[in-house]
2 protein chains.
Amino acid sequence: MKVDLIIRHAHVMTMSGSGVGMIEDGAVAIKGNRIVQVGKTEEVMKGCQAEEIHESKGKLVMPGFIDAHIHSGLAILRGVAQDMGNWMEEGLWPFMKHVKDDDQRKGSMLNIMEGVKAGTTTFCDYDANMTTLVNNYVEIGARARLAEMINEIPKDIGDLPRGELYPFESTIGEKKLQNNIDLMKNWDGENNGKVTVLFGPHGPDMMSLELLKEVQHQAEKYDTKLHMHVCQGDREIHQMNMRYRKRSIPFLEENGFLNDRLLAVHLTEATKSETAVVAQSGASMINCSGSIGIIDGIVPPILEFLEAGGKAALGSDQAPGNNCNNLFNEMKFVSILNKVKTQNPATFPATKALRLATIESAKAVGLDHEVGSIEVGKKADIIFIDLESPSMSPVIRKPVRNIVPNLVYSANGSEVEHVMVDGKFIMKDREINTLNEKEKVREAQKAAESLSDRASADFQSHSPVIGMMQRGEL
Amino acid sequence: MKVDLIIRHAHVMTMSGSGVGMIEDGAVAIKGNRIVQVGKTEEVMKGCQAEEIHESKGKLVMPGFIDAHIHSGLAILRGVAQDMGNWMEEGLWPFMKHVKDDDQRKGSMLNIMEGVKAGTTTFCDYDANMTTLVNNYVEIGARARLAEMINEIPKDIGDLPRGELYPFESTIGEKKLQNNIDLMKNWDGENNGKVTVLFGPHGPDMMSLELLKEVQHQAEKYDTKLHMHVCQGDREIHQMNMRYRKRSIPFLEENGFLNDRLLAVHLTEATKSETAVVAQSGASMINCSGSIGIIDGIVPPILEFLEAGGKAALGSDQAPGNNCNNLFNEMKFVSILNKVKTQNPATFPATKALRLATIESAKAVGLDHEVGSIEVGKKADIIFIDLESPSMSPVIRKPVRNIVPNLVYSANGSEVEHVMVDGKFIMKDREINTLNEKEKVREAQKAAESLSDRASADFQSHSPVIGMMQRGEL
């Protein structure tokens, strides 16, 4: 068979089967944007004649990571809110109210570049103004599974006194739903299929049941999924109790939302039995260890969800309150936080975390027919890890192989050398080759400085971060 | 004043005072190996004429990190043992028994390179064969505060049935103490003062009281400190109860070991009152979040220790069971693990973690007269962080500054651009310039392969990692 490219003499970690599918001295043949053969180098060289050979001795070749939940539009506010209670109202809102669409767009690119440099090839971005942000994904060349965040909340919601019922304005909801429909019509399947679209209700507390049902109807019409925060915090549960006298999960169950169309993000406040109900319904759980650890001081119920047989994935959430968007961080945290939660070092072995960032994530977000593993017929979304980085060295192969634990517990993302999406290298030798990184950083910096001027002019917050600043701690 | 070098137009984070001592548009003047002026760029330029100017706009300039507890000699076994109980006996020992002195030396260099590349400038290394390992520090040019690990345990201790009292052999103890004394005589103050020496009893359970007292006597004679594991696990407590019918801390208190000469490492199993006793004695606590999280599934009592007024520092411990040796990892974990331990996102703000990796660490290990902050008279151990890395962008300066939280929660170490130790750059633009990195990695790899052959030949372990290997999970 004539192929475009053979990657050979690598440790190929396919993530197929129930483990990690490691092939030593392995090779991958690529034709166009698809993987056409995978196996031992010797076999693949027999089966294929390649235009180009990529010698990969000393490299780990594996599927790119799938970040199942990210709000890239918040990256412009990286680091303004953490180490506090009342994160939304006191930390984020005093800045967020001044964020313009263009700030979101420029900040978003920082997040995407950060992710790509740490091996993320698919971003499940869930934010406002997605018809603008999608252009960043097209420009950099990453795969994107996008949802417009739909709610019926007026823009000044952060100024509401804590504990009051949110007002809903149906014109806001209609407009946001329309944005999501436009995103679907204009972008689903575009950019060689790299862009796909979901629907993105903000949460069961953030919109009327009527609108929520309409969003679901649209998701059914386009046969796609719902990306939604569920049980994301005590604020949500309080709102649901006030409005419906029901907690989120019984409410969603009664109204027919619990099924495999749903990506339920966080489940921070879900009880053990609620967690099991969601898992058994076929809905997926997206677990964000870094952000929920920093914002809430909580370890979400991912263990219970997996024990109940659910499909799950990892997400990096937002930069103001994680503060990084790097799947290596999420793999390490989901494992170690659950070890300490159960006081058992055998809990959540590295392999499990790695699967939740690749093949299981693909299943959870509904992309496993295309990506998540290195298998014949799948799209070539492939990353190359330098096993000669000090942090990945030495490589031991027997009697046990140490690559997986070192990838999860030792690597930090900078070991990712090349990134290929859809058969094309978008990063080589750690340089993103589809855009000018420094220029993008400077654009975002300029936008952040102007935003910071605007926010400072009317700044009102009781955030403890203000005290830290006054005491010279920042 | 004539100086050798001025670093200017940087964000200079001095870590002096009670906060982080940030100076915007700051400068540092260096003469020989010492800092001679620090302040606003304008002031420093008025006060000094420099041979060389280092333009540092867009950089954070800060003191190098002090890793207060590392066993670099174990780096050759990175990733062979984790995700299991019985870590020492089942995970580590079947490999460790085959490690030769030369394997330790070659592996150690991987750890040191990894640390330097993540901004560590001082390593408190605590291992066997330190008179060999010290040469790695001299070669790379890092600062080292070294202790020979002293015990009276025969080399095959890992083969002992769990629960049996360790046999002691005084000839072993005498030899190891002599190694530590030799290290002191030959190396303390050497390499322009970059090498200093402590004494390193392995733990109160690992040697007779007689030998422990002799080690303390030597530490007093040379007026230095004791670097020692204390309450490092249930095995230690079990040994202490069997041998003395006392737990470690009451035992050490009665015998006069609790004072400011002691660096008490881990305190994993210390009760709240025991923790307070150690803190109030003037002894320091070294907290290793990554390793204790992975090996034991426990968050050590650092909060209680600090509340009781103790001096504390962070350490990265060993590569087989952390698995990285990177202070960015330790800062992030100490903060987030303690947030979830207390279910409070305000617990352990970023600033506190940052201090424990720099100035507080210097105080804890007794080097604060030399390093840990950027202040006039101190040694120039300085790192440069690229604030234009996507993960550190954007930089917001008002109404709150976001550099510290992004350094602790977002950075992973790869943002460190240059590393200076003792006034000399040992890394520039991420390349260590005192040695050939690739060559060192390959040397260690070769040693690891031979070690892996030896270990495979007589491998006996019930380690769950074996099962993972058989199931294709590694």
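The values are calculated or read from the model by the stated rules, or taken from the named source; none is laboratory data. Nothing here was measured: the structure is a model prediction, and the numbers come from that model. For neighbour counting, all protein chains shown are included, and Cβ atoms are generated from backbone atoms with ideal geometry for every residue, glycine included.
Only one residue in A:A144, A:A75 is crowded, with 24+ Cβ neighbours inside 10 Å, modelled with pLDDT of 95 or more, in contact with a Cys (Cβ under 9 Å, 6 or more places away or on another chain) and not polar (S, T, N, Q). Which one?
A:A144
Against the criterion of being within 14 Å of another protein chain (Cβ to nearest Cβ), out of contact with any strand residue (DSSP E or B) (no Cβ under 9 Å at 6 or more places or on another chain) and either at pLDDT 95 or above or part of a loop (DSSP other than H, G, I, E, B) (or both), B:I298 qualifies.
What do you reckon, is A:N192 more than 20 Å from A:A264 (Cα to Cα) and modelled with pLDDT of 95 or more? Taking the combined requirement at face value, the residue satisfies it. Has the range A:117-131 got any residue that is part of a helix (DSSP H, G or I), closer than 23 Å to A:K428 by Cβ and in contact with a Pro (Cβ under 9 Å, 6 or more places away or on another chain)? Checked against the condition, which is being part of a helix (DSSP H, G or I), closer than 23 Å to A:K428 by Cβ and in contact with a Pro (Cβ under 9 Å, 6 or more places away or on another chain), the range A:117-131 yields at least one hit. Quick one: count up the residues across the range A:191-207 that are within 21 Å of A:D368 (Cβ to Cβ) and either assigned to a loop (DSSP other than H, G, I, E, B) or in contact (Cβ under 8 Å) with a residue 60 or more places away in the chain (or both). Of the residues in the range A:191-207, 8 are within 21 Å of A:D368 (Cβ to Cβ) and either assigned to a loop (DSSP other than H, G, I, E, B) or in contact (Cβ under 8 Å) with a residue 60 or more places away in the chain (or both). Can you find a residue that is facing another protein chain (nearest Cβ under 8 Å), at pLDDT 95 or above and crowded, with 24+ Cβ neighbours inside 10 Å anywhere in the range A:307-317? No, there is no match, as no residue in the range A:307-317 is facing another protein chain (nearest Cβ under 8 Å), at pLDDT 95 or above and crowded, with 24+ Cβ neighbours inside 10 Å. Being in contact with a Pro (Cβ under 8 Å, 6 or more places away or on another chain), surrounded by fewer than 24 Cβ atoms within 10 Å (Cβ to Cβ), more than 22 Å from A:C124 (Cα to Cα) and at pLDDT 95 or above is a condition met by no residue of the range A:252-269. Scoring A:R143 on the criteria (1) charged (D, E, K, R); (2) in the same structural domain as A:H229 (by TED's automatic domain parsing); (3) over 26 Å from A:A313 (Cα atoms) leaves a single failure, condition (3). For A:T121, the test of being polar (S, T, N, Q), crowded, with 24+ Cβ neighbours inside 10 Å and in contact (Cβ under 8 Å) with a residue 40 or more places away in the chain is passed. Of all the numbered requirements in (1) surrounded by 13 or more Cβ atoms within 10 Å (Cβ to Cβ); (2) at pLDDT 95 or above; (3) touching an Asp or Glu at 6+ places or on another chain (Cβ under 9 Å); (4) in a helix (DSSP H, G or I), B:T171 misses one, and that requirement is (1).
Among the residues making up the range B:219-240, those that are in a helix (DSSP H, G or I), surrounded by fewer than 21 Cβ atoms within 10 Å (Cβ to Cβ) and not basic (K, R) are B:E220, B:D234, B:I237, B:H238, B:Q239.
The selection criterion, being assigned by TED's automatic domain parsing to the domain that holds A:E148, crowded, with 18+ Cβ neighbours inside 10 Å and not in a strand (DSSP E or B), holds for A:G91.
Step by step: first the residues of the range B:451-472, then only those that are more than 7 Å from chain A (Cβ to nearest Cβ) and touching a residue at least 60 places away in the same chain (Cβ under 8 Å), then the one that is surrounded by the most Cβ atoms within 10 Å (Cβ to Cβ). Which residue is that? Only one residue tops the list, namely B:S463. Taken as a whole, the condition of being free of Cβ contacts under 8 Å to residues at least 24 places away in the same chain, closer than 25 Å to B:Q343 by Cβ and assigned by TED's automatic domain parsing to the domain that holds A:F95 does not apply to A:A308.
Consider the range B:407-448 and keep the residues that are over 22 Å from the mean Cα position of the chain (by Cα) and within 8 Å of another protein chain (Cβ to nearest Cβ). The one that is nearest to B:A29 (Cα to Cα) is B:K438. Using the structure shown, decide if B:K378 is surrounded by fewer than 21 Cβ atoms within 10 Å (Cβ to Cβ) and either more than 10 Å from chain A (Cβ to nearest Cβ) or over 24 Å from the mean Cα position of the chain (by Cα) (or both). For B:K378, the condition - surrounded by fewer than 21 Cβ atoms within 10 Å (Cβ to Cβ) and either more than 10 Å from chain A (Cβ to nearest Cβ) or over 24 Å from the mean Cα position of the chain (by Cα) (or both) - is not met. In the range A:73-84, the residues that are at the interface with another protein chain (Cβ under 7 Å from one of its Cβ atoms) reach residues that are among the basic types (K, R) with C-beta atoms within less than 7 angstrom, at least six apart or across chains, in these pairs: A:I76/A:K106.
Looking at the range B:335-357, is at least one residue within 13 Å of B:T120 (Cα to Cα), within 13 Å of chain A (Cβ to nearest Cβ) and within 19 Å of the chain's Cα centre (by Cα)? Yes, the range B:335-357 contains at least one residue that is within 13 Å of B:T120 (Cα to Cα), within 13 Å of chain A (Cβ to nearest Cβ) and within 19 Å of the chain's Cα centre (by Cα). B:V395 meets each of the listed conditions (1) in contact with a helix residue (DSSP H, G or I) (Cβ under 9 Å, 6 or more places away or on another chain); (2) closer than 30 Å to B:G32 by Cα apart from (2). Report yes if B:K272 is of a type outside the set (A, V, I, L, M, F, W, C), at pLDDT 95 or above, over 30 Å from B:K106 (Cβ atoms) and crowded, with 20+ Cβ neighbours inside 10 Å, otherwise no. The answer is no for B:K272.
The single condition among (1) closer than 24 Å to A:A75 by Cβ; (2) assigned to a loop (DSSP other than H, G, I, E, B) that A:K332 does not meet is (2). If a residue has to be hydroxyl-bearing (S, T, Y) and in contact (Cβ under 8 Å) with a residue 24 or more places away in the chain to count, how many in the range A:391-421 make the cut? Residues that pass the stated criteria total 3.
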